[in-house]
Each structure stands twice: as C-alpha cells, then as structure tokens.
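J.: Take this structure, written in structure tokens, and hold onto it; I'll ask about it next.
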Amino acid sequence: MNLFIEELEEQNVGEYLFNEPLSKHTTWKIGGNADLMVIPRGKEQLITLIQLLNKHQLPWTTIGRGSNMLVGDKGIRGVVIKPGEGLDYVRFDGTTVTAGAAYSFIKLAVTAGRQGLAGLEFAGGIPGTVGGAVYMNAGAHGSDVSRIFKSAEIVLSNGELVTYYSEDMNFSYRHSILQEMSGIVVEATFELEKGDREAISAEMARHKERRLQTQPLKSATCGSVFRNPPGDYSARLIEEAGLKGFQCGGAQVSELHANFIVNTGQATANDVLALITHIQGVIKERNGILLIPEVLVVGER
C-alpha cells in the first residue's frame, strides 16, 4: 500500500483519505471504515487510478452517493473510489444531455426540465448519481434509465476507456451489465425530447408531493429496499403482513412506506440485514414469494 500511495501522489490522481468512515458517504448513515478512499478529480485521473490499482493488485470498490448501498459494519478492505468534482458536470446539445458520473440524478432531472426537455421526470426523486443510476437502471413512475439511455463512457477494470451503447448494456428491471463486470461509469449521455416546461414542472411537482406524503424522506434510508415482484408491489406485501414498524435493533420498517427501512439512529448493517431476512421469511411463508433486495451489500460484516 505504501508504494501505491507514493505513486498516487506522483501521478496527482486526487484526494485520498485513510480509514474514512463510510457512514458519512451512505444515505443510510451506516458502514465501517474504508482502508483508503480515493477521490479522483476527472477522467484521466480515474483511468490512472485503475491502472495503479491493477499494478499493485489492490482490490477496489466504487461508491457514489451511497443511496442504494449497505456497507458492512467492518468496512471495506482495499480502496474505495468516489468520483469527485471533476466528474460532476452536465452538457446540453439540443435534445441530448451528457452528465458526469458524479452529477446528481435529481439535479439532472430538474435541470433538463428547466431546459424544456422531457424524459427525466421520473428521476426527480432518485437520490443517487448519474453513474449509480446507470449501474442500477434506476427507475420510478413507470420509467427508467433504459428508456432514455444513449451511451456511456466506462473505464474497464484493466484501465481501458470504452463506450457502451444501449444495446451493450443488457438493461432489465433494476439491472445493467455493469453489475456483472468491474467497470466505472465516467459519463452518460441521454436522449430526451422537447417538451413544455410548465407541463414538465407540474408532473415533477406531482411526483414530489406524492413522495412527501408516502415516503420517509426526512429519515436515513436507502430508498426502496426490495424489487417489486412481477405483477405486485413489495410495499403492499410487507404492509399486508403487518410489518410496518417492525424493528431489528436500530433498523425499522418505515411506518410511512413498507418498502423503506429506516435507520432510527444507531442501526448497524447487521440490524438491516437481519430485518431484510425477517421480511423475506415472512413474505415467503405468507405469499410464497421471495422478495429480492435491490440494495447493493458491500464490505465485511
């Protein structure tokens, strides 16, 4: 690791932090420390970082805003990569928009709407980054990333920079090919369409009002915990099972939305995992359905 740090400094890749608490970087506010967090400033720095990691044979994990991620209580070994300010940008070209991996997905939706571009209204309440949204094929309100995705620049695990188009991404419900390979989104391009600013704003306002009424937005959560099973909703199944408010340690099924797990203040990753397992067991027994988490679990437990 010492030789890696020396080369990291020589190459001026970006900021690095030892023993960084990952609870500061996840929306659940849960997680142990990263051995080392590196925050590359831009595309070239990210490519150099991956090449150095390969050279020194160090394991690495990527984190964005940590909104769909549960980090184990013992943290993450090796290096955690968090794309930094140099990858936090947006460019518009007619109906096409390109955004860096670190750009807020919510901010992208709002900015596009103000430009009179339709297609991203569904993203107004998805609290992750562009990179994370592409990775997860994030979606809501009957739409998702795959509907508007055009292409993405991706740094592969060998440090090669490639462009993937929609047909390369193997998109499906909350899934992309990135979940089956080691690579990091650098930027993504989306194809939108011209729309009426007022109509777009009104639709996003309706979505926001509904979220305020039905989701625990002021609590520490990761968003939806489980994927919806075909033809049904996880929240409905969990609520009908009487699990709203059920608690394991500091982790609680939200009283407002049954597919949200809330950190009541001192929840651990093990508390959340225990609650997930309990919910799965109850729903499997009652309904014969195994609920599949959409949360990415990383690190040591």
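J.: Taking into account only those residues within the range 83-92 that are part of a loop (DSSP other than H, G, I, E, B) and open to solvent by 50 Å² or more (accessible area, probe 1.4 Å), which is farthest from L58 (Cα to Cα)?
T.: So in the range 83-92, the residues part of a loop (DSSP other than H, G, I, E, B) come out as 83-84, 88-89.
Checking the rest, the ones that are also open to solvent by 50 Å² or more (accessible area, probe 1.4 Å) come to 88-89.
Numbers: D88: 26, Y89: 29 Å.
Filtering the range 83-92 for residues that are part of a loop (DSSP other than H, G, I, E, B) and open to solvent by 50 Å² or more (accessible area, probe 1.4 Å), the one farthest from L58 (Cα to Cα) comes out as Y89.
J.: Tell me, please, whether a residue that is of a type in the set (A, V, I, L, M) and within 21 Å of A133 (Cα to Cα) can be found in the range 218-231.
T.: yes
Quick grid of which residues meet (1) touching a helix residue (DSSP H, G or I) at 6+ places or on another chain (Cβ under 6 Å); (2) of a type in the set (G, A, S):
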| residue | (1), (2) |
| --- | --- |
| L8 | no, no |
| Q11 | yes, no |
| L17 | no, no |
| E20 | no, no |
| H25 | no, no |
| D35 | no, no |
| G42 | yes, yes |
| L87 | no, no |
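Residues are listed down the side, and each one gets a yes or a no for (1) closer than 21 Å to D271 by Cβ; (2) modelled with pLDDT of 95 or more; (3) outside any helix (DSSP H, G or I):
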{"position": "P216", "(1), (2), (3)": "yes, no, yes"}
{"position": "S224", "(1), (2), (3)": "yes, no, yes"}
{"position": "P229", "(1), (2), (3)": "no, yes, yes"}
{"position": "D232", "(1), (2), (3)": "no, yes, yes"}
{"position": "A235", "(1), (2), (3)": "yes, yes, no"}
{"position": "I238", "(1), (2), (3)": "yes, yes, no"}
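J.: In the range 250-261, is there at least one residue being free of Cβ contacts under 8 Å to residues at least 60 places away in the same chain and open to solvent by 60 Å² or more (accessible area, probe 1.4 Å)?
T.: Taking every residue of the range 250-261 in turn, at least one turns out to be free of Cβ contacts under 8 Å to residues at least 60 places away in the same chain and open to solvent by 60 Å² or more (accessible area, probe 1.4 Å).
J.: Let me ask something else. Got a sec? Which of F18, F4 is out of contact with any Gly (no Cβ under 6 Å at 6 or more places or on another chain) and assigned to a strand (DSSP E or B)?
T.: Numbers: F4 fails: assigned to a strand (DSSP E or B).
Being out of contact with any Gly (no Cβ under 6 Å at 6 or more places or on another chain) and assigned to a strand (DSSP E or B) holds for just one of F18, F4, which is F18.
J.: Give the residue, chosen from G245, G231, that is open to solvent by 10 Å² or more (accessible area, probe 1.4 Å), among the small types (G, A, S) and over 22 Å from G142 (Cα atoms).
T.: Numbers: G231 fails: over 22 Å from G142 (Cα atoms).
The match here is G245.
J.: Tally the residues that are assigned to a strand (DSSP E or B) and in contact with a Leu (Cβ under 8 Å, 6 or more places away or on another chain), restricting the search to the range 93-139.
T.: To start, the set of residues in the range 93-139 that are assigned to a strand (DSSP E or B) comprises 93, 96-100, 104, 117-118, 129, 139.
This time we only want the ones that are in contact with a Leu (Cβ under 8 Å, 6 or more places away or on another chain), so: 96-97, 99-100, 117-118.
Selection size over the range 93-139: 6.
J.: Additional query: Mind checking which pairs have a first residue in the range 197-220 that is within 14 Å of T27 (Cβ to Cβ) and a second that is hydroxyl-bearing (S, T, Y), Cβ under 6 Å, 6 or more apart or different chains?
T.: Here the result reads P216/S254, each pair linking the range 197-220 to a residue that is hydroxyl-bearing (S, T, Y).
J.: Taking the residues in the range 156-191 that are modelled with pLDDT of 95 or more and charged (D, E, K, R) as candidates, determine which candidate is most open to solvent (accessible area, probe 1.4 Å).
T.: The selected residue is E167.
J.: While we're on this one: Of E20, E15, E9, which residue is in contact with a Leu (Cβ under 9 Å, 6 or more places away or on another chain) and of a type outside the set (A, V, I, L, M, F, W, C)? Write out each step before concluding.
T.: Working: E15 fails: in contact with a Leu (Cβ under 9 Å, 6 or more places away or on another chain); E9 fails: in contact with a Leu (Cβ under 9 Å, 6 or more places away or on another chain).
Result of the check over E20, E15, E9: E20.
J.: If only one of A109, A101 is surrounded by 24 or more Cβ atoms within 10 Å (Cβ to Cβ) and either under 21 Å from V185 (Cα atoms) or out of contact with any helix residue (DSSP H, G or I) (no Cβ under 6 Å at 6 or more places or on another chain) (or both), which one is it? I'd like the intermediate steps shown before the answer.
T.: Numbers: A109 fails: surrounded by 24 or more Cβ atoms within 10 Å (Cβ to Cβ).
Within the list A109, A101, the selection yields A101.
J.: Kindly list, by first and then second residue, each pair from a residue in the range 32-59 that is more than 29 Å from A269 (Cβ to Cβ) to a residue that is assigned to a strand (DSSP E or B) and open to solvent by less than 10 Å² (accessible area, probe 1.4 Å), limited to pairs with Cβ atoms under 6 Å and residues at least 6 apart or on different chains.
T.: Correct list of pairs: K43/V186; I47/V155.
J.: Moving to a separate point now. Is there any pair linking a residue in the range 144-156 that is touching a residue at least 24 places away in the same chain (Cβ under 8 Å) and outside any strand (DSSP E or B) to one that is of a type in the set (F, W, Y) and surrounded by fewer than 24 Cβ atoms within 10 Å (Cβ to Cβ), with Cβ under 8 Å and at least six apart or on different chains, and which?
T.: Listed pairs, sorted by first residue: V145/F171; S146/F171.
J.: So, in the range 268-301, exactly how many residues are open to solvent by less than 60 Å² (accessible area, probe 1.4 Å) and either aromatic (F, W, Y) or without any contact (Cβ under 8 Å) to a residue 40 or more places away in the chain (or both)?
T.: The number of residues fulfilling the criteria is 6.
J.: What about K194, is it modelled with pLDDT under 95, open to solvent by 20 Å² or more (accessible area, probe 1.4 Å) and more than 20 Å from V71 (Cβ to Cβ)?
T.: On the way: modelled with pLDDT under 95: no; open to solvent by 20 Å² or more (accessible area, probe 1.4 Å): yes; more than 20 Å from V71 (Cβ to Cβ): yes.
No: the conditions fail for K194.
The values are calculated or read from the model by the stated rules, or taken from the named source; none is laboratory data. This one's a predicted model, so the numbers in the text were calculated from it and none came from an experiment. Neighbour counts are summed over all protein chains in view; Cβ atoms, including those assigned to glycine, are modelled from backbone coordinates with ideal geometry. Accessible surface areas use protein heavy atoms only, side chains included; no ligands, DNA or RNA. Shrake-Rupley method; radii C 1.70, N 1.55, O 1.52, S 1.80 Å.
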